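Okay, so here's the structure we're looking at.
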Amino acid sequence: DLSPIPVNRVPDEVRPLVVAFNEMMGRLEENLQAQQRFIAQAAHQMRTPLTGLKTQTELALSETDPVQMRNALQLIAESTDRASHMINQLLILARAEASHEKVHRVVPLDLDDLARSVTGDWVVRALAKRIDLGFEASGRPLLINGVPLLLRELLSNLVDNAIKYTPVGGHVTVRTRAGALAVVEVEDDGIGIPPEERANVFERFYRVLGTDADGSGLGLPIAAEIAELHQARIDLLAGSQGRGSLFRVSFPRYLEGGDGPRSQPPLA
Ligand code: ADP
């Protein structure tokens, strides 16, 4: 039972304790409800690809022509990939949440290196879509405290989207900037996100109406969760040419000769 203890029925000396306890229980209850909503949504979202798979399987079973059957099986293979991608993302989200419970190791790392390396991972995909994928480095060491695996996931989701939501022949740029904060930006000149949708796209499972590329609606919520874990903020702006989108992630810098890696890093 998580209901609050009536404050007026306890002795004065323990009242502050009881108030704190009630607050804690309130937060716990909210968390539990959020978890339940998430599980319900996740189960609901998984139904769509599964229903699709079932229909495709029935179609394949009714095919007698070997070529048609092969095509049908090909579709099944693709749908299976999408479903498993979605499950992976759900797992990443759950794991990122678990980092609040100290699962991952925080290390000092160079944001410049990380961004260059993640951009490299997407070169082939960009090429296949004839998208010009560029990397502009700050040219200076850009140390932050972070969990490399999670940060790769964050950046990767942004680059994935930029490529996905930019038509053939478009441009995607990943750039890093050094200032008071360590900044990485992913900019595209694709379909863009209307200003009134910019807050919504960080909600779990949310997809802008009419978005037809494949997706789970989990990429940005994952990015937001990971940013929060790193005490970073994500800003979503229009692309600099007035087209497309610009996602900017700003991290607190790890200062050399300063206080060093925090003795109590945010997620160690
Ligand atoms: P997914 O891409 O799997 O649908 P995300 O959470 O990554 O899920 O993105 C949510 C929605 O935000 C997308 O469905 C799309 O409508 C929109 N979106 C995300 N990134 C971009 C982008 N770079 N350009 C245009 N729209 C985007």
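Observations, loosely collected:
- For the peptides 57-67, 239-249, 36-46, 210-220, the ranking by packing is 239-249, 210-220, 36-46, 57-67, with the highest mean count of neighbouring Cβ atoms within 10 Å listed first.
- In this label model, Ala94 and Leu50 are separated by 1.4 nm, measuring between points 7 Å along each Cα→Cβ vector.
- Close amide-amide hydrogen proximity is noted between Gly170 and Asp132, each under 5 Å apart and 5 or more residues distant or on a separate chain (H modeled in the peptide plane; Pro and chain starts excluded).
- Shape category assigned to the range 143-183 from the gyration tensor of Cα positions, a/c cut at 1.5: oblate
- Distance distribution note for the chain: the fraction of Cα pairs above 31 angstrom is 40%.
- Taking 7 Å steps out from each Cα toward its Cβ at Arg207 and Ile87 produces label points 1.9 nm apart.
- Accessible surface of the chain, 1.4 Å probe: 55 percent of it comes from carbon and sulfur atoms.
- Estimated vicinal HN-Hα couplings, Hz - the range 140-147 in sequence order (Karplus 6.51, -1.76, 1.60; Gly, Pro = x): 10, x, 10, 7, 9, 9, x, 9
- Applying the Karplus relation 6.51 cos²θ - 1.76 cosθ + 1.60 with θ = phi - 60° to the range 194-207 yields 3J(HN,Hα) values of x, x, 6, 9, 5, 7, 5, 5, 8, 7, 4, 6, 6, 9 Hz, where x marks Gly and Pro.
- A Förster distance of 22 Å, applied to the separation of the beta-carbon atoms of Asn200 and Glu228, puts the FRET efficiency at 0.80.
- Each stretch of four or more DSSP H residues adds -39500 (n - 2.57); spread over every residue of the chain, this sum gives -16500 deg cm²/dmol at 222 nm.
- FRET efficiency, 1/(1 + (r/R0)^6) with R0 41 Å, evaluated for Ala180 and Gln41 via beta carbons: 0.65
- Where labels lie 7 Å past Cα in the beta-carbon direction, separation of Asp1 and Leu127 in nm: 6.6 nm
- Under a 5 Å amide H cut-off, with hydrogens placed 1.01 Å from N, Phe205 pairs with Leu218 among residues at least 5 apart or on other chains.
- Relative compactness, the range 144-223, computed as alpha-carbon Rg over 2.2 N^0.38 Å: 1.16
- HN-Hα J in Hz across the range 162-172 - Karplus 6.51, -1.76, 1.60, θ = phi - 60°, x for Gly and Pro: 4, 6, 5, 9, 10, x, 3, x, x, 10, 10
- The length gained on full extension between Glu23 and Arg116, counted as 0.36 nm times the residue separation minus their Cα-Cα distance, comes to 29.1 nm.
The values are calculated or read from the model by the stated rules, or taken from the named source; none is laboratory data. Only a predicted model underlies this, so the values are computations on that prediction, with no experimental measurement involved. Glycine gets a Cβ as well: all are built from the backbone with ideal geometry, and neighbour counts include every protein chain shown. SASA here: full protein model, heavy atoms, side chains in, ligands and nucleic acids out. Shrake-Rupley method; radii C 1.70, N 1.55, O 1.52, S 1.80 Å.
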